[in-house]
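What follows is a single structure, written as structure tokens, with notes after it.
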Amino acid sequence: MPVITAHIDRLSHLEPVDADALFPIREVSRLTGVNPVTLRAWERRYGLIQPLRTESGHRLYSQADIVTVNRILDWIERGVAVSKVGKILARDDQQAETVRAQRGAVEECEWSQWRARLRQAVSAFDDRQLECLYGQICATYPLSVAFQDILMPLWNELLRHQGRFGQASEWLFYDSFLRIHTFERLHLASASPAPRVLLAAMPGECRKLELLVAAMLMSREDLAVKVLGMGQPFDELTLVCEKARPKALVMFSNYSHNHELVGRLNRLAQTLDCPLFIAGAASDLAEHDLAGSSVGCLGSEGRLMQRRLQQFLRGSLDT
């Protein structure tokens with residue numbers, strides 16, 4: 001079974017483990033769905049994991065190693081070659097360390113407690129309690145913190161751990177709840193007379209909620225973000241923009257770009273009367289190839305996306 005297929009089918013069977021425990025390679029293979037041969041190759045060929053060794057030479061993996069394996073699989077699913085994953089992991093670790101230093105341990109602990117309470121409400125399918133917690137979180141923190149640091153991390157955790165009986169239902173319950181509330185916020189914002197930016201998903205390269213949350217985090221009082229429907233034909237975007245006359249068009253993708261995509265974006269930009277941007281994980285991955293082109297990269301972090309969009313539209317940031 002290919003690595004990616006194994007990940008999709010078996011990652012959901014991950015079990016809670018002791019943070020200080022060590023695991024032999026067969027157990028790691030069972031927990032992650034990655035066969036031992038592949039795990040050894042990732043260590044020897046690419047240096048992606050560095051397990052401990054017993055006196056007899058047997059590999060022992062920590063919980064952090066298991067998390068790293070799953071992060072590798074996430075990027076492979078997004079179309080990133082395994083040979084390039086190491087640089088992405090190093091970049092993400094550096095960014096995470098910077099964020100942790102800025103936030104402090106107290107905030108991290110608070111957010112973890114909120115996520116635990118949300119998790120209990122989701123496990124009980126208690127929509128009233130979930131509604132109450134959601135209201136408290138949004139009243140306590142800015143939207144960027146509420147969604148990026150509390151609500152969406154739980155969504156991703158539930159998405160990853162689907163598989164056991166009832167867990168798919170939990171994710172669907174939570175996903176539906178967040179979709180409704182995010183859509184409501186966007187609907188209110190789009191009713192304002194503020195200029196609009198259109199946001200469209202690259203076909204098959206993100207989930208609906210990810211698109212809605214990105215739109216919400218990019219929105220400002222003086223600029224509304226309108227989400228185009230999932231499945232919006234790429235070749236008809238020029239027509240849509242001609243009629244809607246947005247301030248800008250933003251394409252969203254969480255998958256690795258390729259040279260064909262870069263070419264398509266550049267050709268699309270030439271047909272538009274408004275600026276074209278790309279956001280999501282693909283923006284980070286394509287930034288080098290799009291440097292100097294007419295396509296601007298907004299990044300994948302909500303606050304950064306909003307800030308860059310504002311700077312691009314004001315002409316204070318070059319593509």
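Read-outs: derived from the displayed coordinates by stated rules, not from any lab. Quick caveat: nothing in here was measured; it's all calculated off a predicted structure. No Cβ is skipped: glycine too gets one built from the backbone with ideal geometry, and neighbour counts run over all protein chains shown.
Between Arg307 and Arg128, take the C-beta separation as r, use R0 = 51 Å, and let me know the FRET efficiency to the nearest 0.05. List each step's numbers first, then the result.
Details: r = 36 Å, r/R0 = 0.71.
The computed FRET efficiency comes out at 0.90.
Over the chain, one equal point on each Cα, no solvent: what is log10 I(q)/I(0) by the Debye formula at q = 0.06, 0.07, 0.08, 0.16 Å⁻¹? Log10 of I(q)/I(0), two decimals: -0.23, -0.31, -0.41, -1.48.
Computed on the range 195-314, with alpha-carbon pairs under 8 angstrom and 6+ residues apart, the relative contact order is 26 percent.
The phi torsions of the range 221-235, fed into the Karplus equation with coefficients 6.51, -1.76 and 1.60 and a -60° offset, translate into couplings of 4, 9, 7, 8, 9, 9, 8, 7, x, 4, x, 3, x, 4, 6 Hz, rounded to whole numbers, with Gly and Pro shown as x.
A Förster distance of 41 Å, applied to the separation of the beta-carbon atoms of Gln94 and Ala194, puts the FRET efficiency at 0.70.
What FRET efficiency comes out for Glu108 versus Val37 if R0 is 41 angstrom and r is the Cβ-Cβ distance? Round to the nearest 0.05. It would help to have the intermediate numbers written out before the result.
On the way: r = 37 Å, r/R0 = 0.89.
Working from the Cβ atoms, E equals 0.65.
Remark: spin-label model distance Asp235-Arg53 equals 5.7 nm, labels positioned 7 Å along the Cα→Cβ axis. Listed values for the range 113-129 are Karplus-derived 3J(HN,Hα) couplings in whole Hz (6.51 cos²θ - 1.76 cosθ + 1.60, θ = phi - 60°), namely 5, 4, 5, 5, 5, 4, 4, 5, 5, 5, 4, 8, 6, 9, 5, 5, 5, and x replaces Gly and Pro. In the chain, the DSSP-assigned H stretches of four residues or longer account for a calculated mean residue ellipticity at 222 nm of -18000 deg cm²/dmol, using -39500 (n - 2.57) per stretch and the full residue count as denominator. Each eigenvalue of the Cα gyration tensor of the range 35-85, multiplied by 5 and square-rooted, gives one semi-axis; in descending order these are 21, 12, 8 Å. When +1 charges are put on Lys and Arg Cβ atoms and -1 charges on Asp and Glu Cβ atoms, the dipole computed for the chain relative to its Cα centre reaches about 400 debye. Entry note, the chain: relative contact order of 12 percent, from Cα contacts under 8 Å with a spacing of 6+ residues.
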